[in-house]
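Read through the structure below, which is laid out as structure tokens, and then see the notes.
The values are calculated or read from the model by the stated rules, or taken from the named source; none is laboratory data. Just so we're clear, the structure is a prediction, and the values are computed from it rather than from any experiment. Please note: Cβ atoms are built from the backbone with ideal geometry, for glycine as well, and neighbour counts cover all protein chains shown.
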Amino acid sequence: MMYPLVRDLAAERVPVAVTCRVLRFSKQGYFKWRRRPCSHRDLDNAYLTNAAVDVNHDDPAFGYRFISDELERLGHQASENRVWRLCSEQRIWSAHSRKRGLSRRPGPPVHDDLVERDFTAERPNDLWLTDITEHRTLEGKLYCCVVKDVFSNRIVGYATDARMTSQLAVRALHHAVALRGPGATVVHSDRGSQFRAHAYVKALSRFGLRGSMGRVAACADNAPMESFYSLLQKNVLDSKTWATREQLHLAIVHWIECTYHRRRRQRALGKLTPIEYETIYSAENVA
């Protein structure tokens, strides 16, 4: 739009009529713009863009389709095509949207590495580890986020969803806090966008938890979680073909609560189960 140029030249004492004639504008159109420089459509687009930026900031993994769904939930009315156009103009992309063949660089850490591969804890709730895994069902993928207490290897929080978003990680964290209570626990993760998202960092702060992040492409920086997921893979995920996400969700919960916590003895715990190990610790410290 060239109307701002007409306004600027008018401030330099160039007559509006002359500028409009040279630029082939109508004076009526210019003065109508002066009365309302921003149209209702432009204003709506500005509000919609700001909301899209906030959604992407809270969850960088969201592409324009998920952003469109979230905007609708927040009360905004806009078609997917309109959301796509505004996101494209503002270069709002999903963290996973880069083309194949290009190197993917994890984003910068939002926490220091407070663990440095020392996966030991003197008492419950000193150190939690968290990560996300995925598995296919005939309905589509199911994503699972788990929070593990290093002291006893107990799974203190978990959540599943059809989408891998920061809310999945936040829900698992809420589950852990509901079971264990808030405190100064260190919560260690990799540099996945879900754990760098504003919503997740805000949840850590709200519960008084201390975030920690490993290095880039260093699976050993979260080795105990990789070990747990390997067990889950062999005992549940790969045990059969899962028809629905709900079936797989129930199987994961049953295996964690009934088998892993109460029946699977671990040599690292003196051949005790996680529940037995914590029960003995609690009895000794109460006495």
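Every listed requirement among (1) assigned to a loop (DSSP other than H, G, I, E, B); (2) modelled with pLDDT of 90 or more; (3) among the aliphatic types (A, V, I, L, M) is met by Val177 save one, (1). Just one of the listed residues (Gly270, Gly211) is modelled with pLDDT of 90 or more and surrounded by 19 or more Cβ atoms within 10 Å (Cβ to Cβ), and it is Gly211.
Listed by position, the helices (runs of 4 or more DSSP H) inside region 17-99 whose residues that are within 26 Å of Val110 (Cβ to Cβ) and at pLDDT 75 or above number at least 3 are 40-58, 64-73.
Take Thr137 and decide whether it is touching a Lys or Arg at 6+ places or on another chain (Cβ under 6 Å) and surrounded by fewer than 19 Cβ atoms within 10 Å (Cβ to Cβ). Spelling it out, Thr137 is indeed touching a Lys or Arg at 6+ places or on another chain (Cβ under 6 Å) and surrounded by fewer than 19 Cβ atoms within 10 Å (Cβ to Cβ).
Of the residues making up region 265-287, those that are touching a residue at least 12 places away in the same chain (Cβ under 8 Å) and not in a helix (DSSP H, G or I) are Gln266, Thr273. Within region 157-169, identify whether any single residue is farther than 18 Å from Gly208 by Cβ, assigned to a strand (DSSP E or B) and in contact (Cβ under 8 Å) with a residue 40 or more places away in the chain, and answer yes or no. Yes - at least one qualifying residue is present in region 157-169.
Whether a residue is out of contact with any Pro (no Cβ under 7 Å at 6 or more places or on another chain), over 27 Å from Asp69 (Cβ atoms) and surrounded by 20 or more Cβ atoms within 10 Å (Cβ to Cβ) was assessed, and Thr185 passes this test.
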